[in-house]
Amino acid sequence: MKHPKTERTLVIIKPDGVQRGLIGEIIRRYEQSGLKLVGLKMVVPTKDFIEKHYLINPEWRRITGEKTIESYRKNGKKPPSDDPIKVTEVILNNLKKYLSSGPVVAMVWQGMHAVGIVRKITGGTEPLTSDVGTIRGDLTIDSYEVSDVDGRAVRNLIHASGTPEEAEAEIPLWFSEKELLNYRLISEAILYDVNLDGILE
């Protein structure tokens, strides 16, 4: 069984994050938590690649559509359709246009509870309702309402894997095994060594 300290997650800094010069700030926040960066590259993904990324989970269309419809109703608004598949067709087309519009930075982070820690630091999907102190809550101002009016994807700076299983499926899509590095950080002794051996001389 793998040790929890080897858990990995995928993070994509989207085109708005790159264009606003937030790469360093975003990396700093994850790095300061104690996570280790084991893969990093800048690419301009194609629309076909973005579709493959989102549809890696065969249930993505249904789940995302249902959540979107529920969110509309919760806010007292009429959803564009009652069919989750029709709703996600629009969402997916907007995401393909958004994420293929310029360079993105793809990263793999490793460490204990990597998926959960990254999600916590990143914040909720909608910047408007994301908590203060999170990347999305602090560094951008978009909302579902405005993105719907404009007919585009919400600009929320980052994609982060939702579960360890999702991360395990997404990482090989973006990175080959040889692009992911295995190395030790000095700080890992403090984070993971059971007895904190080697601090005192």
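Among the residues of the range 167-201, those that are modelled with pLDDT of 95 or more and either basic (Lys, Arg) or under 30 Å from ILE91 (Cα atoms) (or both) comprise ALA167, GLU168, ALA169, GLU170, ILE171, PRO172, LEU173, TRP174, PHE175, SER176, LYS178.
Taking the listed residues THR9, THR64, THR46, the one that is out of contact with any His (no Cβ under 6 Å at 6 or more places or on another chain) and closer than 25 Å to ARG184 by Cβ is THR9, with no other qualifying.
Restricted to the range 1-82, the set of helices (runs of 4 or more DSSP H) holding at least 2 residues that are closer than 22 Å to MET107 by Cβ and of a type in the set (Lys, Arg) comprises 23-32, 47-54. Name every residue in the range 85-131 that is farther than 19 Å from VAL18 by Cβ, among the hydrophobic types (A, V, I, L, M, F, W, C), touching a residue at least 24 places away in the same chain (Cβ under 8 Å) and in a helix (DSSP H, G or I), in order of residue number. Scanning the range 85-131 gives ILE85, ILE91, LEU92, ALA114, VAL115, ILE117. Looking at the range 21-48, which of its residues are closer than 25 Å to LYS97 by Cα and free of Cβ contacts under 8 Å to residues at least 40 places away in the same chain? Those that are closer than 25 Å to LYS97 by Cα and free of Cβ contacts under 8 Å to residues at least 40 places away in the same chain: GLY21, GLY24, ASP48.
For TRP109, are the conditions met, namely being hydrophobic (A, V, I, L, M, F, W, C), buried (at least 17 other Cβ atoms within 10 Å of the Cβ) and under 20 Å from ILE50 (Cβ atoms)?
Against the criterion (hydrophobic (A, V, I, L, M, F, W, C), buried (at least 17 other Cβ atoms within 10 Å of the Cβ) and under 20 Å from ILE50 (Cβ atoms)), TRP109 does not qualify.
The values are calculated or read from the model by the stated rules, or taken from the named source; none is laboratory data. Note that the structure is a prediction, hence the values are computed from the model and not measured. Using ideal geometry, Cβ is built from the backbone for each residue, glycine included, and neighbour counts are taken over all protein chains shown.
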